[in-house]
Amino acid sequence: MKVLTVSGSPHFHAEESVSKLMYGVVFSLIPAMLVSFYFFGLAAIVVTLTAVVACMAFEFLIQKYLIKGPLTIFDGSAIITGVLLAFNVPANLPLGLVVIGSAVAIGMGKMTFGGLGKNPFNPALVGRVFLMISFPVQMTTYPQPSVLNVSLTDAVTGPTPLTIIKDGVSRGMPVSELMGQIPDYINLLMGNLGGSAGEISAIAILLGGVYMLIRKIISWHIPVAYLGSAAIFAGIFWLISPEVYPDPLFHLLTGGLMLGAIYMATDYTTSPMSRTGMIIFGIGCGLLTIIIRLFGAYPEGVAFSILIMNAFVPLINRGLKPKRFGEEVKNG
Amino acid sequence: MEKLKTFVMGGVHPPENKLAEKQSILRLDPPESVAIPLSQHLGVPAAPVVNKGDEVLAGQLIAKGEAFISANIHASVSGKVAKIDAVIDSSGYRKKAILINTEGDKWTDGIDQDESLVTDYDLDSKEITRRIQDNGVVGMGGATFPSHVKMMVPKGKKAEYLIINGVECEPCLTADHRLMLEKGEEIMVGITLQMKALGVDKAIIGIENNKADALEHLERLAEKYPAISVQGLKVKYPQGAEKQLIKALVNREVPSGKLPIEVGCVVHNVGTSFAVYEAVLKNKPLMERVVTVSGTSVKKPGNFMVRIGTPVITLIEAAGGLPEDTGKVINGGPMMGKALNDLNVPVTKGTSGILIFTEAESKRPPEQNCIRCARCLTICPMGLEPYLLAQLTDKKRLEECEDERIMDCMECGSCLYICPSGKPLLDHIRVGKTRVGKMIRERAG
Amino acid sequence: MNEILNEITLFSVVSLGAIGGVAAIILFLVAQKFKVIEDPRIDQVEELLPAANCGGCGLAGCRALAEAIVKAESLEGFNCPPGGSDVMQDIAKAMGWEAGETTPMIAVLRCNGTREQAPPKVRYDSAMTCAFAHALFAGEGGCPYGCLGCGDCVLACSFDAMYMDKETGLPVILDDKCVACAACVKECPRNIIEMRKKGKKDRRIFVSCINEEKGGVARKNCKVACIGCGKCLKECKFDAITLENNLAYIDFEKCTLCRKCPPVCPTNAIHELNFPVRKQKPAETVES
């Protein structure tokens, strides 16, 4: 007689798997990738490839020789880390630094804690912040967009809109005057501005976000809470003093806010589990980002704010439970 | 048609695969021998009242349910009691059963074998409940809770609604669907009997809209019964669970750890209503039931009316035989059914389907690290945190499990279904439930 | 200048002093309010324990054991596996109690349903934990009493004294590492593992089966099941063997390790461990 299989119910399993989800994220990143290639040219392609290969290589080496565990480099998570790391650094960053960043992202940010699903902080952001603090000059030398540039080194560099505003305001110049120095909103939306390789085009990132929402890879809670709270908080300051603080739309379209809200803050492992928790997490990220941007030493605060909120995730998970079915109303 | 209702919290939508929904119910001849387990219902096993060598008629009482939560068991065939011995049942263990070798098909005199519909009766609530109890009717949805116990509303509580479960949210199963189409009138009469026994004046039949024909059929029949309404429901698993169905139909939430009567509802399956009709008005004990046999590799998927105690293999033969590449045989639906480890397991009162999976379909996805995607949390219909419960169970932190309401879990399997990491969440939660249950009982002393 | 400095110094000293004073008062009050009066003997007992915090006693570390011992006012039912009877004697002496003589024990697996003897009839594909497998079905081999082979006992062992044999699908207990903490005994959902007397030179004889089914049923699933034939009963001259529910059991208190019973068992269900190799026996006893 045939050997039957005995297992616990259910006997149906959804078609979803970790690697399918991960490759779904990678797929959704393609529009942003294309925009970055378009504006930063060959340099962006090289940086992205280097980061992906380096991340996968470090994961492989650590799993093979240090942990001596099963290999999971093809589950797609290392690719995401690589792409996101590349998206978060200037496109003309020396490749050696990209490799160092990848090593820190995978080694310190992910494998130290036990690999996929165990890390408290977003690995790509750990890598980025490490580079930011260790190599501030290279990390803030942003190339200006120039269509289809094939050169690797000769990019024209210049400040990002956020830097222009931050420096200008600190010198006492009114925002309305500074706004003349930065591209208009249509260009900001399309991605024609200085910045990290992949964060420039809000519209491409939104497109990827919509794809992930439709495929149910992410839920709307974190992005909406993040962007919403950032807009509201920035709006309050803008209403108080429009000459010192730029308007909310400017905040949404510049820097890494879109990329952060849609890709970095929604990272499964480092975001809260319950819906309410996700909303609180998103609001926290939004507030911190605006506070850092307006009052902090750095012109950009997305990476720091997400990392800070990552640290609160265990607390949020503990405190904010989903609503239970048939929950009895407590007396008093 | 009215707006479709559904429950709010969680839920999944597995592929429906209702391959046998067009196959009418086929009555099978009594098999050569039957093994009738003494424990086919929730509660205390029945005590045998026949001995080895006794001649029995189909429909004769062979084991009596003496405890409060227990049910009578009747011979499903006529013949000679071969022995009373332990046989492997769907639990995977050997349990006491009465084995009968079939001789002819003689039924006891009391049973009205006429197929014609009886609608008139003059019976009081007590008499209806007594006949239900005598004839060993239990919940036909799968939980097999003795039906007469549900008819006795505890003191201080009042039943307001009788809710009839025609949801059949389990994929693949079509037994209830066919029963509603073919025995709709009997079911309606059965519902009036149940309402009378309970003393309620409102009944709602909930049917998911993937059974549009049954929904329409019963809606038409219900026109004659003003007290009975039929409600279409959006397809969502596990809508057939008592608490979810009540939430969907009357928007009331049964409190944690309480029974539906707490919110004035009593839930019965359509199959039970049919069994009640036969038990009360035809005096026919629960000795046969409809079983779906289905699966992608099955030659002739179908719905069969079989005698209780028929070996599963006989049913599979009737559906075209066991396919070559069978990997798993399931008793019940694919979400909550039990995988069988032996094909001679008898059909019991709670067997709603026999599903045959190919080897490829039987494999569980490989287990990976939890990526904390929160899917299990989102889909849990009870608002629990399956990943957390599984972790706490593993670490034996049982008090915390209890605080996180592990006992609310109804083992619907949605979490394991959805998990992209292939974590055996429900397996661990079941272990946790057993342990926490033991802890609670020990504490109670 | 000096005046200002003096002022600053004075101000600092006064304010810091005031803060310190207030903090001290609060600390004192809190300490009074939440005072925990502990039995000093707990510390005394803890001193004597090996401080391995292994959990072998079944409690969460040495402190917990010390608390439990002092609370119970006796050593009955407590055992410190790594410390052995020496430590228990010391505690008894320090507390002024009488210490019972503890016989060295060891965990014994009472199932020999290897993949060969009880071939798998079905395939198990769920969480690798015996607790769940036990709730699901009788086991791959079909024996409802036999080892499920998922290794919950191995996980429960904090002394590396057990491992799963991949070939047989059964756990193996290492004589020299087992400290008789009985963690595995508690973990096994089928109560297959038993604590037995370690015996002279680690020798022991036991029935390696706990199946209470009728002989025929048991044999159908497993070739080495005890079928309750009672042959060993007749062979034993010390009344050490009892037969109940189709299952023979050897009382280790009465067994003299005479080695008479293992050869008569028709299913080789009686095991003898750490004995010298027997001389070649006549063919008929080896058969069957």
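The values are calculated or read from the model by the stated rules, or taken from the named source; none is laboratory data. What you see is a predicted model, and the numbers here were worked out from it, not measured in a lab. Backbone-built Cβ (ideal geometry, glycine too); neighbour counts: all protein chains shown.
Restricting to region B:83-133, what's the tally of residues that are part of a loop (DSSP other than H, G, I, E, B) and either within 24 Å of the chain's Cα centre (by Cα) or closer than 16 Å to B:N344 by Cβ (or both)?
Qualifying residue count for the region: 5.
Results for (1) away from chain B (no Cβ under 14 Å); (2) touching a residue at least 12 places away in the same chain (Cβ under 8 Å), shown as yes or no for each residue.
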site: A:S17; (1), (2): no, no
site: A:M22; (1), (2): no, yes
site: A:A32; (1), (2): yes, yes
site: A:L42; (1), (2): yes, yes
site: A:C55; (1), (2): yes, yes
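Would it be correct to say that C:T129 is β-branched (V, I, T), more than 12 Å from chain B (Cβ to nearest Cβ) and over 24 Å from C:S85 (Cα atoms)?
Criteria not met by C:T129.
Just to be sure, is B:V34 within 14 Å of chain A (Cβ to nearest Cβ), touching a strand residue (DSSP E or B) at 6+ places or on another chain (Cβ under 7 Å) and at pLDDT 90 or above? Steps first, please.
Details: within 14 Å of chain A (Cβ to nearest Cβ): no; touching a strand residue (DSSP E or B) at 6+ places or on another chain (Cβ under 7 Å): yes; at pLDDT 90 or above: yes.
No: the conditions fail for B:V34.
Any idea which of (1) out of contact with any Leu (no Cβ under 6 Å at 6 or more places or on another chain); (2) in the same structural domain as A:N88 (by TED's automatic domain parsing) is the one A:F12 doesn't satisfy?
(2)
Out of region C:184-242, which residues are among the polar types (S, T, N, Q), within 21 Å of C:L136 (Cβ to Cβ) and in contact (Cβ under 8 Å) with a residue 40 or more places away in the chain?
Once the filter is applied, which keeps residues that are among the polar types (S, T, N, Q), within 21 Å of C:L136 (Cβ to Cβ) and in contact (Cβ under 8 Å) with a residue 40 or more places away in the chain, region C:184-242 yields C:N211, C:N221.
Do the conditions hold for A:T269, that is, is it farther than 26 Å from A:A197 by Cα and either surrounded by 23 or more Cβ atoms within 10 Å (Cβ to Cβ) or outside the structural domain of A:V129 (by TED's automatic domain parsing) (or both)? Before you say what the answer is, go through the steps one by one.
Numbers: farther than 26 Å from A:A197 by Cα: no; either surrounded by 23 or more Cβ atoms within 10 Å (Cβ to Cβ) or outside the structural domain of A:V129 (by TED's automatic domain parsing) (or both): yes.
The answer is no for A:T269.
Which is within 14 Å of chain B (Cβ to nearest Cβ), under 30 Å from B:K328 (Cα atoms), among the small types (G, A, S) and not in a helix (DSSP H, G or I), of A:G8, A:G69?
Going through A:G8, A:G69 in turn, just one is within 14 Å of chain B (Cβ to nearest Cβ), under 30 Å from B:K328 (Cα atoms), among the small types (G, A, S) and not in a helix (DSSP H, G or I): A:G8.
Looking only at region C:113-125, filter to residues that are buried (at least 23 other Cβ atoms within 10 Å of the Cβ) and part of a loop (DSSP other than H, G, I, E, B); which one of those is farthest from the other protein chains (Cβ to nearest Cβ)?
Of everything passing the filter in region C:113-125, C:G113 is farthest from the other protein chains (Cβ to nearest Cβ).
Can you tell me which residues in region A:96-115 are surrounded by 17 or more Cβ atoms within 10 Å (Cβ to Cβ), small (G, A, S) and part of a helix (DSSP H, G or I)?
A:G101, A:S102, A:A103, A:A105, A:G107
Between a first residue in region A:77-88 that is of a type in the set (S, T, Y) and a second residue that is not in a loop (DSSP other than H, G, I, E, B), which pairs have beta carbons less than 7 Å apart while being 6 or more apart in sequence or on different chains?
Correct list of pairs: A:S77/A:M22; A:T81/A:C55; A:T81/A:A105; A:T81/A:I106; A:T81/A:P123; A:T81/A:A124.
State the number of residues belonging to region B:288-307 that are touching a Lys or Arg at 6+ places or on another chain (Cβ under 6 Å), surrounded by 24 or more Cβ atoms within 10 Å (Cβ to Cβ) and either within 19 Å of B:Y277 (Cα to Cα) or of a type in the set (S, T, Y) (or both). Please lay out each step first, then the result.
Taking region B:288-307 as the starting set, the residues that turn out to be touching a Lys or Arg at 6+ places or on another chain (Cβ under 6 Å) are B:288, B:303, B:305.
Now restrict to residues that are surrounded by 24 or more Cβ atoms within 10 Å (Cβ to Cβ): B:288, B:303.
Next, only the ones that are either within 19 Å of B:Y277 (Cα to Cα) or of a type in the set (S, T, Y) (or both) stay: B:288.
Within region B:288-307, residues that are touching a Lys or Arg at 6+ places or on another chain (Cβ under 6 Å), surrounded by 24 or more Cβ atoms within 10 Å (Cβ to Cβ) and either within 19 Å of B:Y277 (Cα to Cα) or of a type in the set (S, T, Y) (or both) number 1.
Under the condition of being in contact with a Phe, Trp or Tyr (Cβ under 8 Å, 6 or more places away or on another chain) and part of a strand (DSSP E or B), which residue from region C:160-185 is farthest from C:G146 (Cα to Cα)?
In this case the residue turns out to be C:V172.
Considering only region B:372-409, state which residues are assigned to a loop (DSSP other than H, G, I, E, B) and closer than 19 Å to A:L320 by Cα.
If the condition is that a residue be assigned to a loop (DSSP other than H, G, I, E, B) and closer than 19 Å to A:L320 by Cα, then B:R372, B:C373, B:A374, B:C380, B:P381, B:M382, B:G383, B:L384, B:E385, B:E404, B:R405 are the ones that fit.
Which of (1) surrounded by 10 or more Cβ atoms within 10 Å (Cβ to Cβ); (2) in a loop (DSSP other than H, G, I, E, B) does C:L16 not meet, given it meets every other one?
(2)
Does A:G255 satisfy the criteria of being buried (at least 24 other Cβ atoms within 10 Å of the Cβ), modelled with pLDDT under 90 and not acidic (D, E)?
Against the criterion (buried (at least 24 other Cβ atoms within 10 Å of the Cβ), modelled with pLDDT under 90 and not acidic (D, E)), A:G255 qualifies.
Please find, within region C:193-217, the residue that is farthest from the other protein chains (Cβ to nearest Cβ) out of those that are touching a Cys at 6+ places or on another chain (Cβ under 8 Å), over 21 Å from C:P81 (Cα atoms) and modelled with pLDDT of 90 or more.
Checking each candidate, the answer is C:I205.
Could you name every one of the helices (runs of 4 or more DSSP H) located completely within region B:251-370 that has at least 2 residues being more than 10 Å from chain A (Cβ to nearest Cβ)?
On the way: elements: B:270-281, B:312-318, B:359-362.
Helices (runs of 4 or more DSSP H) meeting the threshold: B:270-281, B:312-318.
Scan region A:111-136 for residues that are farther than 18 Å from A:T50 by Cβ, without any contact (Cβ under 8 Å) to a residue 60 or more places away in the chain and of a type outside the set (S, T, N, Q) and report the count.
6
Taking region B:172-188, which residues are surrounded by fewer than 22 Cβ atoms within 10 Å (Cβ to Cβ) and in contact with a Phe, Trp or Tyr (Cβ under 7 Å, 6 or more places away or on another chain)?
B:K183 - this is the single residue of region B:172-188 that is surrounded by fewer than 22 Cβ atoms within 10 Å (Cβ to Cβ) and in contact with a Phe, Trp or Tyr (Cβ under 7 Å, 6 or more places away or on another chain).
Hey, any hits in region B:424-437 for a residue that's part of a loop (DSSP other than H, G, I, E, B), within 9 Å of chain A (Cβ to nearest Cβ), at pLDDT 90 or above and under 18 Å from C:S126 (Cα atoms)?
So in region B:424-437, the residues part of a loop (DSSP other than H, G, I, E, B) come out as B:424.
From what's left, within 9 Å of chain A (Cβ to nearest Cβ): B:424.
Filter again for at pLDDT 90 or above, leaving B:424.
Narrowing the set further to residues that are under 18 Å from C:S126 (Cα atoms) leaves B:424.
Yes; the residues of region B:424-437 include at least one that is part of a loop (DSSP other than H, G, I, E, B), within 9 Å of chain A (Cβ to nearest Cβ), at pLDDT 90 or above and under 18 Å from C:S126 (Cα atoms).
Please pick out the residue among B:C373, B:C412 that is facing chain A (nearest Cβ under 7 Å) and in contact with a helix residue (DSSP H, G or I) (Cβ under 9 Å, 6 or more places away or on another chain).
Of B:C373, B:C412, the one residue that is facing chain A (nearest Cβ under 7 Å) and in contact with a helix residue (DSSP H, G or I) (Cβ under 9 Å, 6 or more places away or on another chain) is B:C373.
Yes/no per residue for (1) aliphatic (A, V, I, L, M); (2) out of contact with any Phe, Trp or Tyr (no Cβ under 7 Å at 6 or more places or on another chain):
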position: B:I371; (1), (2): yes, no
position: B:K395; (1), (2): no, yes
position: B:E400; (1), (2): no, yes
position: B:E411; (1), (2): no, yes
position: B:S414; (1), (2): no, no
position: B:Y417; (1), (2): no, no
position: B:G437; (1), (2): no, yes
position: B:I440; (1), (2): yes, yes
position: B:G445; (1), (2): no, yes
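Looking only at residues in region B:194-234 that are in contact (Cβ under 8 Å) with a residue 40 or more places away in the chain and of a type in the set (G, A, S), which one is surrounded by the fewest Cβ atoms within 10 Å (Cβ to Cβ)?
Only one residue tops the list, namely B:G199.
Conditions (1) of a type outside the set (G, A, S); (2) part of a loop (DSSP other than H, G, I, E, B); (3) more than 20 Å from the chain's Cα centre (by Cα); (4) crowded, with 16+ Cβ neighbours inside 10 Å, marked per residue:
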site	(1), (2), (3), (4)
B:K3	yes, yes, yes, no
B:P14	yes, yes, no, yes
B:N17	yes, yes, no, yes
B:A20	no, yes, no, yes
B:D29	yes, yes, yes, no
B:V34	yes, no, yes, yes
B:Q40	yes, yes, no, yes
B:P45	yes, yes, no, yes
B:N51	yes, yes, yes, no
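Could you tell me whether region A:176-191 includes any residue that is of a type outside the set (A, V, I, L, M) and either at pLDDT 95 or above or closer than 25 Å to A:T48 by Cα (or both)? Step through it out loud before you land on a result.
At the first step, the residues of region A:176-191 found to be of a type outside the set (A, V, I, L, M) are A:176-177, A:180-181, A:183-185, A:187, A:191.
Narrowing further to those that are either at pLDDT 95 or above or closer than 25 Å to A:T48 by Cα (or both): A:187, A:191.
Yes, some residue in region A:176-191 is of a type outside the set (A, V, I, L, M) and either at pLDDT 95 or above or closer than 25 Å to A:T48 by Cα (or both).
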